[in-house]
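The values are calculated or read from the model by the stated rules, or taken from the named source; none is laboratory data. What you see is a predicted model; the values in this text were computed from it and never measured. For neighbour counting, all protein chains shown are included, and Cβ atoms are generated from backbone atoms with ideal geometry for every residue, glycine included.
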Amino acid sequence: MAQRGTKRGNARLQLIDTALDLFDRRGFHVGIDRILSAAGLAKMTLYHHFASKEALIVAALEKRDAAFRANFAAAVAAAADGRARLLAMFDSIEAWTRDPAFRGSLFDKAAAEYSEKDHPVKKAVLSHKAWLFGEVRRAASATGAADSVKLAAELFLLIEGAVLAAAVTGDRSAVRRAKAAAETLIAAAS
């Protein structure tokens, strides 16, 4: 019995990992048959684990979100203060955008394809973005800025814009330039 449960768990993870790869490379319009073929699984397996393709997309986004949060937290953990944490966030994002496997934010791609605010995919995107903004806001609050919410909103826009610029234009130096602008905003806010 334990072995059978393990196989089911592995099939679920295999579906999520395969879907993540295909969504990242080809977008969310990739068909279920292609995902199943790449995973080497039957359609019945998909519907055993997920009620719909959108449920698989949400699971894939949740997995990507957990990995992003862990990497992001590790990158800023050693920063001594709010200013250093904010700048470490830009360093983390820059390292991600310079990775040869970088294809842009899967969350931005999902937001473009699923625009209805109550759609489960859009809710997963909004959850990720809210968490990221919260991290920026906490670090901005620790800088002693007179209006830390305004500073956080400005820095969040810089992060989002730099990631999009890196993805759309291939400009891997976008985050470095955004970080320089962030330093100016942080200094002006203090």
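Things worth noting here:
- Answer residue from the stretch 119-159, given it is crowded, with 16+ Cβ neighbours inside 10 Å and of a type in the set (Val, Ile, Thr) and is nearest to Asp91 (Cα to Cα) among those: Ile159
- With respect to being of a type outside the set (Lys, Arg), over 22 Å from Ala55 (Cα atoms) and loosely packed, with under 15 Cβ neighbours inside 10 Å, Ala180 fits the description.
- Per-region count, the stretch 115-128, residues at pLDDT 95 or above and either in contact with a strand residue (DSSP E or B) (Cβ under 6 Å, 6 or more places away or on another chain) or not small (Gly, Ala, Ser) (or both): 8
- Selection status of Glu183, charged (D, E, K, R) and more than 19 Å from the chain's Cα centre (by Cα): yes
- Where helices (runs of 4 or more DSSP H) fall entirely within the stretch 1-118, those with at least 3 residues that are crowded, with 17+ Cβ neighbours inside 10 Å and in the same structural domain as Arg172 (by TED's automatic domain parsing) are at 53-76, 82-98, 106-113.
- Members of the stretch 25-74 that are among the polar types (S, T, N, Q), in contact (Cβ under 8 Å) with a residue 12 or more places away in the chain and within 16 Å of Pro120 (Cβ to Cβ): none
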